[in-house]
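**Q** First the structure, then my questions, so here it is.
The values are calculated or read from the model by the stated rules, or taken from the named source; none is laboratory data. Computed from a prediction, not measured in an experiment: that's the story for all the values here. Positions of Cβ are generated from backbone atoms using ideal geometry, with glycine treated the same way; all protein chains shown enter the neighbour counts.
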Amino acid sequence: MVFTSDVFLFAFLPIVLAIYYILPRYRNEFLTIASYVFYGWWDPRFVLLMMTSTVVDYVAGAVIASPASSPRRRKAALVAAIVTDLGLLGFFKYYTFTAENLNHLLATFGAGSLPLLHVVLPIGISFYTFESMSYTIDVYRGIVRPARTFADLACFVSLFPHLVAGPIVRYNILAAQIAQRTHTIERFSRGVAIFILGFAKKILLANPMGAVADAVFSARSPDAADAWFGVAAYAFQIYFDFCGYSDMAVGLGRMLGFEIPKNFASPYLSESITDFWRRWHISLSTWLRDYLYIPLGGNQKGPRRTYLNLALVMLLGGLWHGANWTFLVWGAIHGTILGTERWAGNRPLYSRFPRPMRIAFTFVLVLITWVFFRATSLSGALAYLNSMAGRATGASPLLALEIHTPYNLTIAVICVLASFQPLEAYEWANQNVSWPLLLLFLLAIAVMWTQAFNPFLYFQF
């Protein structure tokens, strides 16, 4: 089930909200059941997968927190939980990729091959695995107390607003809210406003730009103008798609009394790649920092180790997004640039330029790296970069007629205006603009009914 569907907007959400506010007790248990229905709408079997991860981490947390547990037993419980979580994630997300590459390697030595299984990737497994795993790690570190009951942890892991595409919320953020939270008309109305703004981003901006990006990236050899327009369209698509989903998650959370942290802070206004990662997918970058970069030693073990840690974290961050060499290259490029900026004193090499030029240079770097993120293969990414450099031959003039329409160009201009300004949905929602928001919502619903193209990009991660 997706937020931008009839069944969610006109059936699931109204029914859940109505029952939730009618119930005098057991609201968390009801939200857990509703979230399992939401997640199982696509394939009920994968609910068992999420429940398995939740049970393992709940038991591990209880063992770790038990006064009777020895240090060895506590560490064993932590390792068992992490191995289980990463094992499930690794099998469903990376088995085919690993088997294919190992088979190519084995074939060069005339050896046998691993069986290639058709493994279906469960939606949102990368998100809820990180959330569930961080719970056990934080209990082990003494950052949070173990969940009072299994129902509390199940509610946290399965909570449908952030379940399948984030933000990656940590238990210490929601623990107190799961135990007790305040419901007010003002919080509910602000939640509705944020949801509408996220919904409009997805339907009115991300989807049209996604259609442009798909047309250009599927073309054989676009010319330079079309290639740059295509990758810019993808940059706007992935931003408004993912940011729109995160906004809807925050809005839905507020409707239910939860405060889910924001996940974006105008990332295309970044003045460096370091700045970009403070603004883009904030929940992932902070998760990687706290659970990977710092445990590896961070910047406390000398410059060489710092650069190595940055490179490793970004490589794994790229791999987190998908089982493809393109994601590894994307992560490697970002890691290299981050290392270069740290070497230069946490500043880009163009730091002496005026601020608009720093923003422009950073945006161009981000666009170039998005090519690897969007392309389905390394050869396809290199061919696309070749087109951006103006070295492609045989470009079709029909592509320009397809993408450079008044509608697409108008949406692109709106995307530019919306991206390169400092206010996010949270700030806009504080304005008293109820009637414009209602009209925006009605417009977005009308457009949604006319669109055949309505994917959520981060569902595949």
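**Q** So Tyr140 passes all but one of these: (1) touching a Phe, Trp or Tyr at 6+ places or on another chain (Cβ under 9 Å); (2) modelled with pLDDT of 90 or more; (3) part of a helix (DSSP H, G or I). Which condition number does it fail?
**A** Of (1) touching a Phe, Trp or Tyr at 6+ places or on another chain (Cβ under 9 Å); (2) modelled with pLDDT of 90 or more; (3) part of a helix (DSSP H, G or I), only one is false for Tyr140: (1).
**Q** Looking for whichever is over 20 Å from the mean Cα position of the chain (by Cα) and under 30 Å from Ser132 (Cα atoms) here; the options are Arg254, Arg170, Arg187, Arg220. Which one fits?
**A** Arg187
**Q** Let me ask something else. Can you tell me which residue within the stretch 243-255, out of those that are hydrophobic (A, V, I, L, M, F, W, C) and crowded, with 24+ Cβ neighbours inside 10 Å, is farthest from Phe420 (Cα to Cα)?
**A** Restricting attention to the stretch 243-255, the residues satisfying the condition of being hydrophobic (A, V, I, L, M, F, W, C) are 243, 248-250, 252, 255.
The next check asks that each one be crowded, with 24+ Cβ neighbours inside 10 Å; those that pass are 243, 248-250, 252.
On the way: Cys243: 14, Met248: 21, Ala249: 23, Val250: 22, Leu252: 26 Å.
Once the filter is applied, the top-ranked residue is Leu252.
**Q** Please specify each residue of the stretch 250-307 satisfying the condition of being in contact with a His (Cβ under 8 Å, 6 or more places away or on another chain) and not hydrophobic (A, V, I, L, M, F, W, C).
**A** Gly253, Gly257, Asn263
**Q** Looking only at the stretch 322-381, which residues are closer than 18 Å to Leu312 by Cβ, more than 24 Å from the chain's Cα centre (by Cα) and polar (S, T, N, Q)?
**A** Within the stretch 322-381, Thr340 is the sole residue that qualifies.
**Q** Within the stretch 164-184, does at least one residue satisfy the condition of being of a type in the set (Phe, Trp, Tyr), part of a helix (DSSP H, G or I) and within 15 Å of Leu13 (Cβ to Cβ)?
**A** No; the residues of the stretch 164-184 include none that is of a type in the set (Phe, Trp, Tyr), part of a helix (DSSP H, G or I) and within 15 Å of Leu13 (Cβ to Cβ).
**Q** Test each condition in (1) farther than 17 Å from Gly198 by Cβ; (2) touching a Lys or Arg at 6+ places or on another chain (Cβ under 9 Å); (3) at pLDDT below 95 for Thr4 and report the one that comes out false.
**A** Evaluating Thr4 over (1) farther than 17 Å from Gly198 by Cβ; (2) touching a Lys or Arg at 6+ places or on another chain (Cβ under 9 Å); (3) at pLDDT below 95 leaves (1) as the failure.
**Q** Right, another one. Residues to consider are Ser69, Ser113, Ser134; find the one that is closer than 30 Å to His281 by Cα and among the polar types (S, T, N, Q).
**A** Ser134
**Q** How do the pairs read when you match residues in the stretch 143-171 that are in contact (Cβ under 8 Å) with a residue 60 or more places away in the chain with residues anywhere that are among the hydroxyl-bearing types (Ser, Thr, Tyr) and not in a helix (DSSP H, G or I), using Cβ under 9 Å and keeping only pairs 6 or more apart or on different chains?
**A** Pro146/Ser66; Ala151/Tyr26
**Q** Still on this structure, please answer the following. Anything in the stretch 23-42 that is over 20 Å from Phe8 (Cβ atoms) and of a type outside the set (D, E, K, R)? List them, or say none.
**A** The answer is Leu23, Pro24, Tyr26, Asn28.
**Q** Go through the stretch 7-44 and give me each residue that's in contact with a helix residue (DSSP H, G or I) (Cβ under 9 Å, 6 or more places away or on another chain), among the charged types (D, E, K, R) and without any contact (Cβ under 8 Å) to a residue 40 or more places away in the chain.
**A** Once the filter is applied, which keeps residues that are in contact with a helix residue (DSSP H, G or I) (Cβ under 9 Å, 6 or more places away or on another chain), among the charged types (D, E, K, R) and without any contact (Cβ under 8 Å) to a residue 40 or more places away in the chain, the stretch 7-44 yields only Arg27.
**Q** Going through Ile260, Ile173 one at a time, which residue ends up being at pLDDT below 95 and in contact with an Asp or Glu (Cβ under 9 Å, 6 or more places away or on another chain)?
**A** Of Ile260, Ile173, the one residue that is at pLDDT below 95 and in contact with an Asp or Glu (Cβ under 9 Å, 6 or more places away or on another chain) is Ile173.
**Q** Out of the residues in the stretch 339-370 that are touching a helix residue (DSSP H, G or I) at 6+ places or on another chain (Cβ under 8 Å), part of a loop (DSSP other than H, G, I, E, B) and not hydrophobic (A, V, I, L, M, F, W, C), state the one that is surrounded by the fewest Cβ atoms within 10 Å (Cβ to Cβ).
**A** In the first step, residues of the stretch 339-370 are kept if they are touching a helix residue (DSSP H, G or I) at 6+ places or on another chain (Cβ under 8 Å); the result is 339, 341-343, 346-351, 353, 359, 362-363, 365-370.
Within this subset, residues satisfying the condition of being part of a loop (DSSP other than H, G, I, E, B) are 346-351, 353.
Within this subset, residues satisfying the condition of being not hydrophobic (A, V, I, L, M, F, W, C) are 346-348, 350-351.
On the way: Asn346: 12, Arg347: 17, Pro348: 21, Tyr350: 15, Ser351: 14.
Residue satisfying both the conditions and the ranking: Asn346.
**Q** Quickly run through the stretch 105-126 and pick out the residues that are among the small types (Gly, Ala, Ser), part of a helix (DSSP H, G or I) and in contact (Cβ under 8 Å) with a residue 40 or more places away in the chain.
**A** Answer for the stretch 105-126, where residues must be among the small types (Gly, Ala, Ser), part of a helix (DSSP H, G or I) and in contact (Cβ under 8 Å) with a residue 40 or more places away in the chain: just Ser126.
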